[in-house]
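As structure tokens, the structure follows; a few thoughts come after it.
The values are calculated or read from the model by the stated rules, or taken from the named source; none is laboratory data. Treat the numbers as computed from the prediction; the structure is a model and nothing was measured. Using ideal geometry, Cβ is built from the backbone for each residue, glycine included, and neighbour counts are taken over all protein chains shown.
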Amino acid sequence: MHRHLRSLCCLVVLALAVGFGSSQTKPLRVLAFYSTHVEQDHVDFAMQAISFYQAMAERDHFEFNATSNWDDLNPAVLKDYQVVLWLDEFPSSAAQRKAFEDFMEHGGAWMGFHVAGWMESRATWPWFADFLGTMFSGNSWPPLPATLIVDDSNHPATKGLPARFVSPDNEWYSWQPSPRKNPNIKVLMTLAPSNYPLGFKDTLGGGDIPVTWTNTKYKMIYTNMGHGGKILDSATQNRFFENALLWLGGRD
């Protein structure tokens, strides 16, 4: 009798503990920033990405919001979100940049697509140059598909991806120096050498050109994909986009 009573008590305590822990879990909230006053191919991607993540939010049970008001990149708004996305633009004012720096330095998470990493001079924003771990150097043109190598198949963002896959039409960037040379950078995907020369009008002739990486000092992922309306047409690549956001939101 006493043994059964003790077992019942243990089950009740365990149930209460689990329930208490669940009630304390902060719901995942994601805020995407975009602009409609940029290159049309970038707008096309942003619209496709917003639809993709809205559907994902319903499926994976988190809150997703999108704003074209970059002044929402401020402490009062950011305090309510765990993850920020930059879909087709980047902050331009000192106040926006400072708010983002503070957000990331205090545990926030970020995913930037394509043009989010475009900055030709370190003097423009030195903190972001260190955060990204490199600088924009060049690009391919016109947009073309490319074979990507998955460098780290053990990272939660690349879970389930094949060793190589074809990424849809995109404008591909090169970097100087290679992000791989930065000790804080973990490269997740790279352009395969078989792509070169890549482009016609503007050509990437070769070399080590990572396309996706994380700075291990922060909870962040940058990916070069994000030009045009075909980026989210690949089920294989979409697995990465979903994995990455869930990992950034602590859902891995």
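Of everything listed in (1) free of Cβ contacts under 8 Å to residues at least 60 places away in the same chain; (2) under 15 Å from the mean Cα position of the chain (by Cα); (3) over 23 Å from Asn170 (Cβ atoms), the single unmet condition for Ala109 is (1). So, Tyr196, is that one closer than 24 Å to Val38 by Cβ, among the hydroxyl-bearing types (Ser, Thr, Tyr) and modelled with pLDDT of 95 or more or not? Considered against the rule, which asks whether it is closer than 24 Å to Val38 by Cβ, among the hydroxyl-bearing types (Ser, Thr, Tyr) and modelled with pLDDT of 95 or more, Tyr196 comes out as no. Screening Ile221 with (1) part of a strand (DSSP E or B); (2) of a type in the set (A, V, I, L, M, F, W, C); (3) touching a Phe, Trp or Tyr at 6+ places or on another chain (Cβ under 7 Å) gives one miss only, at (3).
Counting only residues that are in a loop (DSSP other than H, G, I, E, B) and under 15 Å from Val150 (Cα atoms), which one in the stretch 171-210 is nearest to the chain's Cα centre (by Cα)?
If we filter the stretch 171-210 for residues that are in a loop (DSSP other than H, G, I, E, B), which is where we start, we get 171-172, 176-178, 182-184, 192, 196-197, 199-201, 203, 205-209.
Adding the requirement that they be under 15 Å from Val150 (Cα atoms) leaves 192, 208-209.
Numbers: Ala192: 21, Asp208: 21, Ile209: 18 Å.
Checking each candidate, the answer is Ile209.
Annotation: of all residues in the stretch 117-133 being over 16 Å from the mean Cα position of the chain (by Cα) and in a loop (DSSP other than H, G, I, E, B), the one that is surrounded by the most Cβ atoms within 10 Å (Cβ to Cβ) is Trp125. Of everything listed in (1) out of contact with any strand residue (DSSP E or B) (no Cβ under 8 Å at 6 or more places or on another chain); (2) under 15 Å from Met189 (Cα atoms); (3) in a helix (DSSP H, G or I), the single unmet condition for Asn154 is (3). Looking only at the stretch 36-47, count how many residues are surrounded by 19 or more Cβ atoms within 10 Å (Cβ to Cβ) and of a type in the set (Ser, Thr, Tyr). The number of residues fulfilling the criteria is 0.
Do we find that Thr203 is at pLDDT 95 or above and closer than 18 Å to Gly117 by Cα in this structure?
Working: at pLDDT 95 or above: yes; closer than 18 Å to Gly117 by Cα: no.
The answer is no for Thr203.
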